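Worksheet: the structure to be examined is printed underneath.
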Amino acid sequence: MDPIKKTFSDKEGNHLLVALYFCDDEYKQESLHIPEEFSKVEIIDIDITKAYIEKPIHYNVFFRMSRWLMKQFILNEDAIFTFICSTDELNSNHKDLLPQNYRWQLFDSLFKHQQKESVCNETINTTDIIIGPIGYQTFGRAFYRTKHTPIVHIVSSYLEEKQRFYQ
């Protein structure tokens, strides 16, 4: 399936490009070994790219992005969404936090806010994947519905392998 992409501009010269990438069926079955009864479940990777790393971006862009992501989650009823925080450098006022930890906390706060505001009638479960020693950690998360609980451990393993790439 083709990725779904959306650009969020802050009207001050910076923007976020958000893309949802779907794992193909062959990869899900042959590499992840998703059981046949869950073969139709989509595994969707969230990719967020900031156009100009060195320039700040207005917070309302993050709120619009998170609202759009929640809408996509609701529209894709048979999907598990995954996200890994980038370890790229980050200019912020939070010098005591690693860039990936700051992104993690921001993404978590936005998710919780959207979950309260959401019209989603189902509980949205999350599984967090944090690997590496303190100071070198990477942070990942899977978002899923209760009906997908039997395979979330497979998706978690998938996220762990992807995170090793970032270390």
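At-a-glance table
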item: Segment 125-156, subset of a type in the set (S, T, Y) and modelled with pLDDT of 80 or more, residue nearest to I84 (Cα to Cα); result: T138
item: Test for R103: is it under 15 Å from G140 (Cα atoms), out of contact with any His (no Cβ under 8 Å at 6 or more places or on another chain) and touching a residue at least 12 places away in the same chain (Cβ under 8 Å); result: yes
item: Matching residues in segment 116-150 - criterion: being within 14 Å of L98 (Cα to Cα) and either open to solvent by 70 Å² or more (accessible area, probe 1.4 Å) or in a loop (DSSP other than H, G, I, E, B) (or both); result: I130, G132, P133, I134, G135, Y136, Q137
item: Some residue of segment 37-52 being open to solvent by less than 80 Å² (accessible area, probe 1.4 Å), within 23 Å of Y102 (Cα to Cα) and part of a loop (DSSP other than H, G, I, E, B); result: yes
item: Only listed residue being at pLDDT 90 or above, within 12 Å of the chain's Cα centre (by Cα) and not polar (S, T, N, Q), chosen from L159, L69; result: L69
item: Within segment 1-16, tally of residues that are assigned to a loop (DSSP other than H, G, I, E, B), open to solvent by less than 60 Å² (accessible area, probe 1.4 Å) and either without any contact (Cβ under 8 Å) to a residue 40 or more places away in the chain or not polar (S, T, N, Q) (or both); result: 3
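The values are calculated or read from the model by the stated rules, or taken from the named source; none is laboratory data. Computed from a predicted structure; not experimentally measured. Every residue, glycine among them, receives a Cβ derived from its backbone with ideal geometry; neighbour counts consider all protein chains shown. Surface accessibility is based on the protein's heavy atoms, side chains included, excluding ligands, DNA and RNA. Shrake-Rupley method; radii C 1.70, N 1.55, O 1.52, S 1.80 Å.
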